[in-house]
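Input: a single structure, listed below in structure tokens.
The values are calculated or read from the model by the stated rules, or taken from the named source; none is laboratory data. Here the structure is a predicted model, which means the values were calculated and not measured. Cβ placement follows ideal geometry from the backbone for every residue including glycine, while neighbour counts extend to all protein chains displayed. Protein only, heavy atoms only, side chains kept; ligands, DNA and RNA dropped before computing areas. Shrake-Rupley method; radii C 1.70, N 1.55, O 1.52, S 1.80 Å.
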Amino acid sequence: MGHFTVVDHPLIQHKLSIIRNKDTGTKDFRECISEIAMLVCYEATKELPLTEVEVETPICTAKCKVLKGKKFAIVPILRAGLGMVDGVLSLVPSAKVGHIGLYRDPVTLEAVKYYCKMPPDIQDRDVFVLDPMLATGVSASSAIEMIKEYKPRSIKMMNIIAAQEGVDRILTDHPDVDIFCAALDEKLNDHAYIVPGLGDAGDRIFGTK
Ligand code: URA
């Protein structure tokens, strides 16, 4: 079974209060989403393997540590996942970026892929899937299934706000996937919006409402 982690650092909680506020404008919303994504990424990368190197300081030789050749890809789920890309890239600047877009077929209710472009060497990479809101988890689970077809080394999921239903869906469908988020909210409403949540993350990031 994968692990579920809520990163509840005070800086994250402060920024969450800003993005939850309906009066926060697009610029501040975008900035806070990006900063929270960066802080969640900081926690999600805390067990990366290190290797020892020798560094000449101005004083002497020091034994230091550097990341042990980890290769990453981040995959935002379109479109709201795009809001998390900059924040994550600020910590893992050499990551490649894949994209996946899904819509729900109104008849079959199944997730249908309308866009998918992955880095060609994704088999050698650890993937972070980005989606600010993990609500029912249906589309995120389908996205992970589709990404798995490309056989990445591993997959982790990063969200800003999750609902228990979505967490359970991912951990059940994908027991090999760990989830990191900034908050676990109370419930979903009848329209599958997270309560209290922050509304439609895509609309708030892109100013489309
Ligand atoms: N997607 C959103 O943007 N907001 C929610 O609350 C749930 C899904």
Original post:
Roughly how many whole Å is it from the C-alpha centroid of the stretch 177-200 to that of the stretch 64-104?
Top reply: 21 Å
Original post:
Can you give me the pair-distance distribution of the stretch 49-88, C-alpha pairs, 5 Å bins, whole percents?
Top reply: 6, 18, 15, 11, 11, 11, 11, 9, 6, 2
Subject >> Rounded tilt (10° steps) of 138-148 against the dominant C-alpha axis of the chain >> reply: 40 degrees
**OP:** Leaving ligands, DNA and RNA out of it, report the carbon-plus-sulfur percent of the accessible area of the chain at a 1.4 Å probe.
**Re:** 53 percent
Original post:
Across 5 Å bins from 0, what is the distribution of all Cα-Cα pair distances for the stretch 114-172, in whole percents?
Top reply: 4, 18, 30, 23, 16, 8, 1
Original post:
Sorted by packing (mean other beta-carbon atoms within 10 Å per residue), highest first, where do 113-122, 31-40, 11-20, 196-205 land?
Top reply: 31-40, 196-205, 11-20, 113-122
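Evaluate the charge dipole of the chain about its Cα centre and quote only its size in Debye, nearest 20, assuming +1 on the Cβ of each Lys and Arg and -1 on the Cβ of each Asp and Glu. Mind showing how you got there, number by number?
On the way: 25 positive and 29 negative charges, 95 e Å.
So the dipole magnitude of the chain works out to roughly 460 debye.
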Subject >> FRET E, pair THR208, GLU47, Förster distance 45 Å, beta-carbon r, rounded to 0.05 >> reply: 0.75
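With the other protein chains left in place, how much accessible area per residue, in square angstrom, belongs to the stretch 79-176 at a 1.4 angstrom probe?
46 Å²
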Subject >> Two-site label geometry, VAL195 and LYS27: point separation in nm, points 7 Å out along Cα→Cβ >> reply: 3.5 nm
**OP:** Provide Rg and Dmax in Å for the chain, with only Cα atoms included in the calculation.
**Re:** 17.8, 69
**OP:** Quick one: of LYS70/LYS117; LYS46/LYS96; LYS46/LYS148; LYS151/LYS187; LYS27/LYS113, which pairs are farther than 27 Å apart, Cα to Cα?
**Re:** LYS151/LYS187; LYS27/LYS113
Subject >> the stretch 41-121: GluC sites (Glu not before Pro) falling in loop per DSSP and having at most 14 other Cβ within 10 Å >> reply: GLU47, GLU110
Original post:
When the chain is modelled as a GNM with alpha-carbon springs shorter than 10 Å, which of VAL53, VAL97, VAL167 fluctuates the most?
Top reply: VAL53
